[in-house]
Number of protein chains: 2
Amino acid sequence: MIFHFLTGLSAAKLLHEKGLNVLVLEARDRVGGRTCTAYGEGFGYCDVGGSYVGPTQNRLLRLSKELGIETYKMYDKGQYIFMTGGRPTEYKPLPTFWNPFKTMDLLHMLRLIDEYGSKIPADAPWDCPHAEEWDRMTMKEFWEKHCWTQTAITFGDLLVESFVTAKSHQVSMLWFLWYIKQCGGFDRCCSTVNGGQERKFLGGSQQISLRMQELLGDRVRLNQPVVRVEQGKDGVTLYTGTQDRYQARYVVFSIPVPLQLKVTFDPPLPTPRYQLIQRVPMGSVLKIMMYYERPFWREKGYSGLIIIEEDDAPVCFTYDDTKPDGSYPCIIGFCPADKAVHFSQLPEEERKMLICKSYAKAFGTDEALKPTAYVEKNWMQEEYSGGCYTIYFPPGVLTNFGKVLREPFGRIYFAGTETATHWSGYMEGAVQAGERAARETLNAMGRISADQIWQEEPESKDCPALPFETTFLQRNAPSVGGFLKFLGLTPIVAGVGAFALKGKL
Amino acid sequence: MIFHFLTGLSAAKLLHEKGLNVLVLEARDRVGGRTCTAYGEGFGYCDVGGSYVGPTQNRLLRLSKELGIETYKMYDKGQYIFMTGGRPTEYKPLPTFWNPFKTMDLLHMLRLIDEYGSKIPADAPWDCPHAEEWDRMTMKEFWEKHCWTQTAITFGDLLVESFVTAKSHQVSMLWFLWYIKQCGGFDRCCSTVNGGQERKFLGGSQQISLRMQELLGDRVRLNQPVVRVEQGKDGVTLYTGTQDRYQARYVVFSIPVPLQLKVTFDPPLPTPRYQLIQRVPMGSVLKIMMYYERPFWREKGYSGLIIIEEDDAPVCFTYDDTKPDGSYPCIIGFCPADKAVHFSQLPEEERKMLICKSYAKAFGTDEALKPTAYVEKNWMQEEYSGGCYTIYFPPGVLTNFGKVLREPFGRIYFAGTETATHWSGYMEGAVQAGERAARETLNAMGRISADQIWQEEPESKDCPALPFETTFLQRNAPSVGGFLKFLGLTPIVAGVGAFALKGKL
């Protein structure tokens, strides 16, 4: 009755608990979708896919607790590092520069992300008052319009790559600003303390899917890629690549949006949906775990978080990924977007060496050149993922097609983290989407009312969300343009001065 | 050995003539791909898909002549019409306005398209000196950067929609300018006389495929969508949705790029190709044939070509589509891009009425409200097309992935009009691509040398290409900015004046 991935399993679990007869058809030879835990000598276990959990991700926290999976906090002592222009700069929590214009510009830009986000409805970004205008622009245009310094633009480009594994010029401004907003804003989205990367699951995140698989028993069938879906008056017939056939009254469909092209529908998909699924590609990313003898960065006062802005460095940002008991010291690195495609074409040894070299430069020690183990995962090579972390919307697609993302098609309801309205793109979004779609089928069966489909989730007591404290400067740093005006320069002179300044910093 | 569409058939024909054992596997129940001829009372026959042919499309002209299919010239007497601001304006060959700034701006903008295009290599746009910068921009940014008047911007937006069935803000500037360039420039691409829309095929364009199908006999198998491709050391095994299995030494693969996601590959597609096929959607378009008792527009001195800029008019541009003997007077209209998606959701009667109303306004007569027959084709609803006319490249995709478009994968060679270097997106491009891919397999078999793969085509004697005559104004009209400077205004005053002017016209 149901198929695919974390979102499919969470839907199936909910319906199974209501006493319904469910079946999960999984295309791969394992459950977990974009969460996957690898095991091996030299590193014990590690999440090569989705891994983090934090405050406000209350559905995922509830589900994992129920399944008996513990969380632990990420290591966050010590300084962060920003590698730019070939040199490491220490910072925490936000980079500052000797040139006050750069700092002012960066703070103003980050504030703008949330200011714009506050105007975008999380559940209907197309209803934002400026939706069409913002959807016609890329994030590259946003940075160009609002940033005065190349430093801020470069930092902005890195943010987009890190958050959504695509480049600034590839993504709609409306979509990216919505994406940050529906995570709860910039700080909630990017923070290791009090944010989306605060915790990990002890034993690995794939356990969540594995335990649900145990609960559902032989109701989960592996190696069953659905290739054809026929809808009749009374139900749906599903055909798999292995030539098996299944009958269901309702289907929760949680294949990643672009990979829905793999399925033939009879009757065919409605025009807007068939156009949508061609227009929202999966992001591109390699995840790289580098293991060391000792957590030497901790000893030097670094947290392990580095932002790397260097053309020949595959990895753009890193975290400490050491186990909570201190075993298997590790730096996890992300190689996103165009870099993922480019560097995935190199031989593994060469890629590994380039990464070690850039870590050595950032941490200022040759210890980084001597890893004890290396694990990498190319999500672009997984046929049933197509990429990671999530889909992105190029300009013009969200306003024109966004509405059909979770619009049912007959007896088919759409789940998948991409259809979520809170932490879409994350595991939390997958759970929200799976449970919502499950309740949509319950509603269709007349078991619950329409207003019970969407449900608020109470806050986790183990992992409560705290407000973010901001500095006076963060709240009040003017834009560079505003500052020049404030200095008493007339708008025209400020304009000319700004023209001279812009792009030179 | 070979499969799908006009490009597949032209490849198969070439190889068959060399004495090879070929097989064409076609997913649909007919050949022709995006060319399709409909038959019916009230209109005889009409091409609901690709239809036009003109000078420099020498491969298509040669092939169709060999197959015994005649061409005829489009009706081009009388004035063109530009509907804007609710009023029709007559023009030929280019719109002029009472406000000289608007005319100047439009002419300058059109000239820029070819000036930029001259720097883009048709066979390798990624090698253009400004490739990365231009690929990061959308055509919307191009118009905003170079146009001074809203009139020129709006006209530019309409051009993009009409040429590539996507919006200015959806397409890469590098890609769109390449697209026009590889057709031979703006005039060659858009003209009805001496350009891409000069002629049509008597009896319909699908005949080309149908005659090739006759020649190949039972070597063409219909209703055989390939769903799985396994490559071994000695050959390729193809599995179809009907559970048939075929063995081949080489495969020419001509499924539209995004629909290649429908096939499972073992070994899997290389990373860059699997990312590419998620990133290049098919354009969106409805084609609409409206038949009348009499060609009343001809009687009023109009050619039947209208450009329509009106939000509530589904059709953006039209041609006369009357048969060459004067029978079945017809206006063919194109409803592209977002409009196609939106208006395809209305009931047919409502759509038809809106179209008739806008024709009535343009031609200034209620005769347009009384059609005798109506034929429409929604290409977005065809599972094995996914849309029409061709794929488009959103920003950032061409430089990063363009190179792999026609890069072979083992024993699989890629054809399809999207892989062409001349008239890509057109039937001509399909023939070039099919024949090139066929010769790639001949080269792999050691039958021809590598330098014989790409072949120049001699010019058609029946349909030679003439140079385009340009007026003094077309060649020399300055940009609005250039003109203001010429008036002796200093750059700064011109800048301020321009600021006041810009966006107001």
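Structure notes:
- Each other residue within a Cβ distance under 9 Å of A:Ala360 adds +1 if Lys or Arg and -1 if Asp or Glu, for a net charge of 0.
- Phi to ³J(HN,Hα) by Karplus 6.51 cos²θ - 1.76 cosθ + 1.60 over segment B:349-359, Hz, x for Gly, Pro: 4, 5, 4, 4, 5, 4, 5, 4, 4, 6, 5
- Each label was represented as a point 7 Å from its Cα along the Cα-to-Cβ direction; for A:Leu94 and B:Arg219 these points are 6.8 nm apart.
- Normalised contact order of chain B, rounded percent, pairs of Cα under 8 Å and 6 or more residues apart: 25
- For segment B:11-69 and segment A:109-145, distance of Cα centres in Å: 46
- For A:Leu466, neighbours were defined as the other residues whose beta-carbon sits under 13 Å from its Cβ, and their charges (Lys and Arg +1, Asp and Glu -1) total -3.
- Relative contact order computed over segment B:219-378 (Cα-Cα under 8 Å; 6+ residues apart), in percent: 20
- Straight-line reach from A:Lys262: taking Cα to Cα under 20 Å and skipping same-chain neighbours fewer than 8 places apart, the lysines in range are B:Lys262.
- Averaged over its residues, chain B has an accessible area of 38 Å² per residue, based on protein heavy atoms and a 1.4 Å probe.
- Cα lying deepest toward the dipole's positive end in segment A:80-228, options A:Val227, A:Tyr116, A:Ser191, charges on Cβ: A:Val227
- Around the amide H of B:Val171, modelled in the peptide plane, lie the amide H atoms of B:Met139, B:Lys140, all under 5 Å away and 5 or more residues distant in sequence or on another chain.
- Local electrostatic count, B:Met289, Cβ distance below 10 Å [Lys/Arg +1, Asp/Glu -1]: -1
- Chain A, dipole about Cα centre (Lys/Arg Cβ +1, Asp/Glu Cβ -1), debye to the nearest 20: 440
- Threshold 10 Å², segment A:166-203 residues less accessible with all protein chains present than alone (1.4 Å probe): A:His169, A:Gln170
- Within the accessible surface of the protein assembly as shown, defined with a 1.4 Å probe on protein heavy atoms only, the carbon and sulfur portion equals 53 percent.
- Neighbouring partner chain Cβ atoms per residue of B:223-229, average, 10 Å criterion: 1
- For segment A:172-186, putting each phi into the Karplus relation 6.51 cos²θ - 1.76 cosθ + 1.60 with θ = phi - 60° gives couplings of 4, 4, 4, 5, 4, 5, 5, 4, 5, 4, 6, 7, x, x, 4 Hz, in residue order, rounded to whole numbers and with x for Gly and Pro.
- Taking every alpha-carbon pair under 8 Å whose residues sit at least 6 apart, segment A:405-487 reaches a relative contact order of 15 percent.
- Threshold 50 Å², segment A:325-342 residues less accessible with all protein chains present than alone (1.4 Å probe): A:Val341
- Each other copy places its own label point for A:Leu215 at 6.3 nm from this one, sorted shortest first, where the point lies 7 Å along the Cα-to-beta carbon line.
- Residues A:Asp157, B:Asp47, ordered by accessible area of protein heavy atoms at a 1.4 angstrom probe radius and largest first, appear as A:Asp157, B:Asp47.
- The residue among A:Pro270, B:Ile153, B:Phe101 whose Cα reaches farthest toward the positive pole of the charge dipole of the protein assembly as shown, with charges on the beta-carbon of Lys, Arg, Asp and Glu, is B:Phe101.
- Under 5 Å, built H, 5+ apart or other chain: amide partners of B:Arg228: B:Tyr239, B:Thr264
- Largest to smallest in accessible area, the residues B:Thr71, A:Thr35 fall in the order B:Thr71, A:Thr35 (1.4 Å probe, all protein chains included).
- Extreme residue, positive dipole direction of chain B, given options B:Thr138, B:Tyr328, B:Cys316 (C-beta unit charges): B:Thr138
- Amide hydrogen proximity for A:Ile391: with H placed 1.01 Å from N in the peptide plane, the residues at 5 or more positions away or on another chain lying under 5 Å are A:Gly283.
- Computed about its Cα centre, the charge dipole of segment B:366-494 is approximately 500 debye, with only Lys, Arg, Asp and Glu carrying charge at their Cβ.
- Here the peptides B:333-343, A:441-451, A:208-218, A:120-130 are ranked by packing, the mean other Cβ count within 10 Å, and the order with the highest first is B:333-343, A:208-218, A:120-130, A:441-451.
- Per-residue ³J(HN,Hα) for segment B:71-76, Karplus 6.51 cos²θ - 1.76 cosθ + 1.60, θ = phi - 60°, Hz, x for Gly and Pro: 10, 9, 7, 5, 5, 9
- Inter-probe distance in nm under a simple model that places probes 7 Å from Cα toward Cβ, at B:Thr365 and B:Asp266: 6.4
- Checking the Cα-Cα distances for B:Lys181/B:Lys403; A:Lys339/B:Lys145; B:Lys13/B:Lys181; A:Lys485/B:Lys140; A:Lys167/A:Lys300; A:Lys119/A:Lys403 against a 24 Å cut-off, the pairs over it are A:Lys339/B:Lys145; B:Lys13/B:Lys181; A:Lys485/B:Lys140; A:Lys167/A:Lys300.
- Lys, Arg +1 and Asp, Glu -1 on Cβ, resulting dipole of the protein assembly as shown about Cα centre, debye, nearest 20: 180
- Buried area at the A:B interface is about 3700 square angstrom, summed over both chains, from accessible surfaces computed with a 1.4 angstrom probe.
- B:Glu459 sits with roughly 100 Å² accessible to a 1.4 Å probe, with DNA, RNA and ligands left out of the calculation.
- Taking a ≥ b ≥ c as the square roots of the eigenvalues of the Cα gyration tensor, an a/c ratio of 1.5 or more together with a/b no larger than b/c marks segment A:54-207 as oblate.
- The residues of segment A:388-418 listed by number as losing at least 50 Å² of accessible area in the complex, against the isolated chain and with a 1.4 Å probe, are A:Pro395, A:Asn400.
The values are calculated or read from the model by the stated rules, or taken from the named source; none is laboratory data. Keep in mind that what you see is a predicted model, and the values were worked out from it rather than measured. Please note: Cβ atoms are built from the backbone with ideal geometry, for glycine as well, and neighbour counts cover all protein chains shown. Surface accessibility is based on the protein's heavy atoms, side chains included, excluding ligands, DNA and RNA. Shrake-Rupley method; radii C 1.70, N 1.55, O 1.52, S 1.80 Å.
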